[in-house]
1. Whole Å is fine, so just give me how far the alpha carbon centre of region 129-164 lies from that of region 64-97.
2. For a quick protection proxy, order the peptides 100-112, 183-195 by their average other-Cβ count within 10 Å, most packed first.
3. According to a simple spin-label model (label point 7 Å from Cα along Cα-to-Cβ), what is the distance in nm between residue 199 and residue 219?
4. With a 10 Å Cβ neighbour count serving as the proxy for reagent exposure, in which order, fewest first, do 83, 122, 168, 215 appear?
5. Subtracting the Cα-Cα distance from 0.36 nm times the residue separation, let me have the gained length for residue 14 to residue 230 in nm, one decimal.
6. Can you compute the FRET efficiency between residue 134 and residue 76 using 1/(1 + (r/R0)^6), with r the Cβ-Cβ distance and R0 = 25 Å? Round to the nearest 0.05.
7. By per-residue mean of other Cβ atoms within 10 Å, what is the highest-first order of 145-153, 172-180?
8. Nearest 0.05, what FRET efficiency do residue 51 and residue 183 give at R0 = 22 Å with Cβ-Cβ as r?
Ligand code: GTP
Ligand code: MG
């Protein structure tokens, strides 16, 4: 009888030990899974480098950095729509060709620094080509737009690239944007061929957007501010001086002071453009 009790106790003890072992194993497994998950999240964050930003109103006065951006590309590809949607979250369904250029600004705070983008949205008509090239001056970044449903607008990119590269400085950043991505059933240009072109020309960023739906339109300008800010800082760290002090890099960025002057010039240029248009 005593032997039986002893046997039972031993059995219970064995079962208890097994249960404890099982619990420990499970805890260890959970801990490992948690670590693996954290590791993956950590890597993901590192790769994505999430940017902290805040969109500011137009009347911000204490701007830290100011950059000039030019938007170019064929007529009716959606340059004005993209700029308007990306900066003011507004879209017009009807087509009003831009005459000369339109000017918009976009203020954004990135890592506690206020960046002002001065965006010059140009007209795509061939007849104005030689006139708008005068606006390339002092641009830090060019956004070249084509429409994904318009093969010709894509084929013309080479000539836009040639023109912008020959008329500006080697440090100009260039973005390629395939707009009207909502028209995927009428797609004429594949994403792959645009990616290839961007790679071939060593462009700084490529994205497809829909100004109509607002897909990626704001991202274009956030990315622009981010890249220009990084470029400015890298240059300053490397060269130990402000890019504005260098003649070679003078167009990498503009100080607020320079831009005030540029704003005044803008009004004159606008007036000149109107006059020239009258005489065409
Ligand atoms: P120019 O000023 O003449 O050089 O043209 P643009 O490139 O500024 O084109 P604009 O923004 O005026 O757009 C031309 C037409 O395309 C307009 O009717 C817009 O409503 C339309 N559009 C612009 N973006 C999109 C888009 O993402 N999707 C669709 N479906 N239509 C768009
Ligand atoms: Mg336009």
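Read-outs: derived from the displayed coordinates by stated rules, not from any lab. Being a predicted model, the structure only gives us computed values, none of them experimental. Counting neighbours? That spans all protein chains shown, and the Cβs are built from the backbone with ideal geometry, glycine included.
1. 13 Å
2. Highest to lowest by the protection proxy: 100-112, 183-195.
3. Once both label points are built, they end up 1.9 nm from each other.
4. On the way: 83 26, 122 22, 168 19, 215 16.
Fewest-to-most Cβ neighbours within 10 Å comes out as 215, 168, 122, 83.
5. 71.4 nm
6. Working: r = 23 Å, r/R0 = 0.91.
The calculated FRET efficiency here is 0.65.
7. Details: 145-153: 22.4, 172-180: 24.1.
Answer by packing, highest mean first, reads 172-180, 145-153.
8. According to the calculation, E is roughly 0.15.
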